[in-house]
1. For the range A:247-259, enumerate the residues that are surrounded by fewer than 20 Cβ atoms within 10 Å (Cβ to Cβ) and either modelled with pLDDT under 85 or within 14 Å of the chain's Cα centre (by Cα) (or both).
2. Please go through the range A:211-250 and give me each residue that is touching a residue at least 40 places away in the same chain (Cβ under 8 Å) and in a strand (DSSP E or B), ordered by number.
3. Is there a residue in the range A:167-186 that is assigned to a loop (DSSP other than H, G, I, E, B), in contact (Cβ under 8 Å) with a residue 40 or more places away in the chain, in contact with a helix residue (DSSP H, G or I) (Cβ under 9 Å, 6 or more places away or on another chain) and on the phi > 0 side of the Ramachandran plot?
4. Filter the range A:55-91 down to residues that are under 30 Å from residue A:34 (Cα atoms) and free of Cβ contacts under 8 Å to residues at least 24 places away in the same chain and give me whichever is nearest to the chain's Cα centre (by Cα).
5. Need the failing condition index for residue A:95 against (1) more than 9 Å from RNA strand B (Cβ to nearest atom); (2) in a helix (DSSP H, G or I); (3) at pLDDT 90 or above, just the number.
6. Could you list, in sequence order, all residues of the range A:139-170 that are closer than 17 Å to residue A:385 by Cβ and surrounded by fewer than 19 Cβ atoms within 10 Å (Cβ to Cβ)?
7. Given the options A:105, A:85, name the one that is farther than 25 Å from residue A:17 by Cβ and either part of a loop (DSSP other than H, G, I, E, B) or more than 12 Å from RNA strand B (Cβ to nearest atom) (or both).
8. Would you check if residue A:76 is exposed (fewer than 12 other Cβ atoms within 10 Å of the Cβ), farther than 20 Å from residue A:5 by Cβ and within 11 Å of RNA strand B (Cβ to nearest atom)?
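The values are calculated or read from the model by the stated rules, or taken from the named source; none is laboratory data. Here the structure is a predicted model, which is why all the values come from computation and not from measurement. Note: ideal-geometry Cβ built from the backbone for every residue, glycine included; neighbour counts use all protein chains shown.
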RNA sequence: AGAGAGGUGGCCGAGUGGUCGAAGGCGCACGACUGGAACUCGUGUAUGGGGCAACUCAUCGAGGGUUCGAAUCCCUUCCUCUCUGCCA
């Protein structure tokens, strides 16, 4: 959630920032009004409550002293009745405020480039030259068929469309990648965690998936549980509603989880192959950081993800997202896009974001800054998306006969 | 899943309708004592919101109710422990 006090005190500046993310001024003006209304409603209610409390205290005192309370009772009853509409007003004001506030995206960082969509993203650099093939490189689904690696039909039979089954060496390669990623992250100082793959609604609100993006989530029927769309949810919310000591920062965590997404709104996109599935594996990094150190941790996370791709010999490019392409919670995001020779294009394989205090405010993650509690900054990033790495290996390491080499660094894992 | 017990501040633990945001202890911080330390003594020590100072509101697992007044009574729910059942 954005800082409403900041919005109130710096309205012009705040609205200019959110325009980068396509938030209309009317929404912000509405938000400001709702915030003021809530404050006024609360002030009125609180003074009535203060009155009530002090009269109740007096009531007790009279009882003890054996004084007559009938007159006082009349006053206190009247005040109580007068409080009912005030209470109702305050409750309504709060509901109205949060309904809007929870749906407003994070401020983009000042450094974020202007732009509408991914066309306006800025390429920062390219790492490794795409390999020249002396034959026409195939796309991963063709290679999968040739090698019997991916069973799309049976995935659909077992679940539904956008599910698949990995077989044989592909299944082993998937497992090898998970282990390689986790080991690498651990060596960089991330603690390895194994977390629940279902989280409750409060946690999903903490990281920003709820309430706005409920349609993208798989919900467990009859339970307050959702299948996680990314390990960012359980890892970040490890410290939900907690206060850390300053010396515990930064908390660096990594974990492997499957991720479950309904992919609502992507009908017809990437239907062929394994690029966009309802279930995919990912190894995630999450950092809970001191605000002053989040930039350097962000750089470290980007570098780590890029290093993993380099170690695998996969050509990729580093892209800074423009304001219009930034996700809901992110203040800043860098994507890593891996080269897919079969598709003859770069495709997203990792996304690293600094959400600053946006998630921390929702999830109430704070640290002791001297005597005061301050919100932490939270960062997350993939290192890496496993299924897409598998695809990238297939396309980049293919031979003319359709066979696939295993990258050197993965051989100890297979 | 069934039966019973219980959830109070960083921790332990008292509190069964008003003087309780909460005794006492431990821990922690600061100060005194000391050459230094331990011991001892003194002081302080939850969170969030509004004014942003005085002050005030909320919070004793969570939500709702009774009452002038609830940590204390009632209802719902979650969690923990013990026993039974069931399983990896």
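1. The one that is surrounded by fewer than 20 Cβ atoms within 10 Å (Cβ to Cβ) and either modelled with pLDDT under 85 or within 14 Å of the chain's Cα centre (by Cα) (or both): A:247.
2. Hits for the range A:211-250 are A:243, A:244, A:245.
3. First, pick out the residues of the range A:167-186 that are assigned to a loop (DSSP other than H, G, I, E, B): A:167-168.
Imposing the further condition that a residue be in contact (Cβ under 8 Å) with a residue 40 or more places away in the chain reduces the set to none.
Scanning the range A:167-186 turns up no residue that is assigned to a loop (DSSP other than H, G, I, E, B), in contact (Cβ under 8 Å) with a residue 40 or more places away in the chain, in contact with a helix residue (DSSP H, G or I) (Cβ under 9 Å, 6 or more places away or on another chain) and on the phi > 0 side of the Ramachandran plot.
4. Here is the first cut: in the range A:55-91, the residues under 30 Å from residue A:34 (Cα atoms) are A:78-91.
Checking which are free of Cβ contacts under 8 Å to residues at least 24 places away in the same chain leaves us with A:78, A:81, A:84-85, A:88, A:91.
Numbers: A:78: 49, A:81: 45, A:84: 39, A:85: 39, A:88: 34, A:91: 29 Å.
Filtering the range A:55-91 for residues that are under 30 Å from residue A:34 (Cα atoms) and free of Cβ contacts under 8 Å to residues at least 24 places away in the same chain, the one nearest to the chain's Cα centre (by Cα) comes out as A:91.
5. (3)
6. Passing the criteria: only A:163.
7. Details: A:105 fails: farther than 25 Å from residue A:17 by Cβ.
From the options A:105, A:85, the qualifying one is A:85.
8. Working: exposed (fewer than 12 other Cβ atoms within 10 Å of the Cβ): no; farther than 20 Å from residue A:5 by Cβ: yes; within 11 Å of RNA strand B (Cβ to nearest atom): yes.
Criteria not met by residue A:76.
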